[in-house]
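Accompanying notes for the structure given below.
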Amino acid sequence: MLVGIVESKSDRFINDIISQLSDVPVEFMHTVGERVPIERTYRVVVDRLSFRYPFLKELMKSLSLRGTYIINNPFTASLTNKLIEIHLGNRLGLPFPKTIFLPDQSSKDETEGLVSQPSLEQVVDELGLPCVLKPFDGYAWEDVYMVNSAEELSEIYNSLCSRRIIMAQQLIGFKEYFRAFSFDKRDILFVKWIPKPMSMGQYLHRDAGVPGEAENRLAELTIQLNKALDLDINVVEWCVDEEGKWWVIDAFNEVPEIIPEALPSDYYTWIVARFTACIKDKINPGKRNLIPFD
């Protein structure tokens, strides 16, 4: 079998991709357990579920080690969190809001004397209010809060810290917000977006759009980031404030939610075409994921 799909069979987006692969053998993967080394014969696997399931993530790594090309690279995708994105982004020159990482308290007894309760007063002093609280390894809008007071900061942090590492971040008052869809570390589509939780964000046509010079620079930085992480598919979220300064709000969306009815039709058509082209390109037997210890 040439291409394996790790996604719900009812997902409209992935079925639109499959319809464009009519000349390629494709199947939805199914597994209940695997002997090591894995003997599956896929040339390419499109992975859109393993970020939620550790077993599938390890399966993707095993397939990659055997020569299957996984979209996206399961080794570098496993490294992505908001701490890594800020450190890597700073090296590449990506501008992030001021951020403070706050420890979880899940192992409080074992780490006593090593990890202390953070100074939330310092968080307020350095970031100002309102600010944003969110998990350092979160996905979509899960456990994301805008905090308006020191009391609210303390209450929300204490409700989350028993199970998550939390980050507090400067709130950027944006004038415009864009999602940069990226494919094959070279093709970038900026789509204007009104961010909202629970898949309620609204995409808009780009009327004025990103100014020409800024768009070229943002595209270049986005491509550099994806090359550094060996990500074939990613969405980077950029915004510009009232003073004209650009900020990265989210650098890693390696399994971006793509809802056909939410996107302008020409943008959706472009995304399907580029995703399909990316899969076909990786069928080449010479293509492999970047493996850190290879």
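The values are calculated or read from the model by the stated rules, or taken from the named source; none is laboratory data. Quantities reported herein were computed from a predicted structural model and do not represent experimental measurements. Virtual Cβ from ideal backbone geometry, glycine too; neighbours counted across all protein chains shown.
What number goes with the only condition from (1) outside any helix (DSSP H, G or I); (2) over 25 Å from Y42 (Cβ atoms) that K287 does not pass?
Among (1) outside any helix (DSSP H, G or I); (2) over 25 Å from Y42 (Cβ atoms), the lone unmet condition for K287 is (2).
Filter the range 60-104 for residues that are modelled with pLDDT under 85, of a type in the set (S, T, N, Q) and assigned to a helix (DSSP H, G or I) and give the result.
Residue satisfying the conditions is S78 alone.
Considering the range 148-175 alone, what residues qualify as being within 30 Å of V210 (Cβ to Cβ), surrounded by 14 or more Cβ atoms within 10 Å (Cβ to Cβ) and touching an Asp or Glu at 6+ places or on another chain (Cβ under 9 Å)?
Those that are within 30 Å of V210 (Cβ to Cβ), surrounded by 14 or more Cβ atoms within 10 Å (Cβ to Cβ) and touching an Asp or Glu at 6+ places or on another chain (Cβ under 9 Å): A168, Q170, I172, F174.
Which one is surrounded by the most Cβ atoms within 10 Å (Cβ to Cβ), of the residues in the range 35-58 that are among the aliphatic types (A, V, I, L, M) and more than 20 Å from the chain's Cα centre (by Cα)?
Kept after step one, since they are among the aliphatic types (A, V, I, L, M), are these residues of the range 35-58: 36, 38, 44-46, 49, 56.
From the residues that got through so far, the ones that are more than 20 Å from the chain's Cα centre (by Cα) too are 36, 38, 44.
Working: V36: 9, I38: 17, V44: 25.
It comes out as V44.
Which numbered condition trips up W270, out of (1) of a type in the set (F, W, Y); (2) modelled with pLDDT under 95; (3) out of contact with any helix residue (DSSP H, G or I) (no Cβ under 6 Å at 6 or more places or on another chain)?
Among (1) of a type in the set (F, W, Y); (2) modelled with pLDDT under 95; (3) out of contact with any helix residue (DSSP H, G or I) (no Cβ under 6 Å at 6 or more places or on another chain), W270 violates only (2).
For (1) assigned to a strand (DSSP E or B); (2) free of Cβ contacts under 8 Å to residues at least 40 places away in the same chain; (3) surrounded by 14 or more Cβ atoms within 10 Å (Cβ to Cβ), each residue gets a yes or a no:
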position	(1), (2), (3)
N234	yes, no, yes
E237	yes, no, yes
E261	no, yes, no
W270	no, no, yes
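For every residue, the table says whether it meets (1) on the phi < 0 side of the Ramachandran plot; (2) assigned by TED's automatic domain parsing to the domain that holds D125.
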| site | (1), (2) |
| --- | --- |
| C161 | yes, yes |
| I166 | yes, yes |
| A180 | yes, no |
| R186 | yes, no |
| W193 | yes, no |
| K196 | yes, no |
| S199 | no, no |
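Among the residues of the range 105-146, count how many are in contact with a helix residue (DSSP H, G or I) (Cβ under 6 Å, 6 or more places away or on another chain), modelled with pLDDT of 90 or more and over 19 Å from N81 (Cβ atoms).
Matching residues across the range 105-146 total 1.
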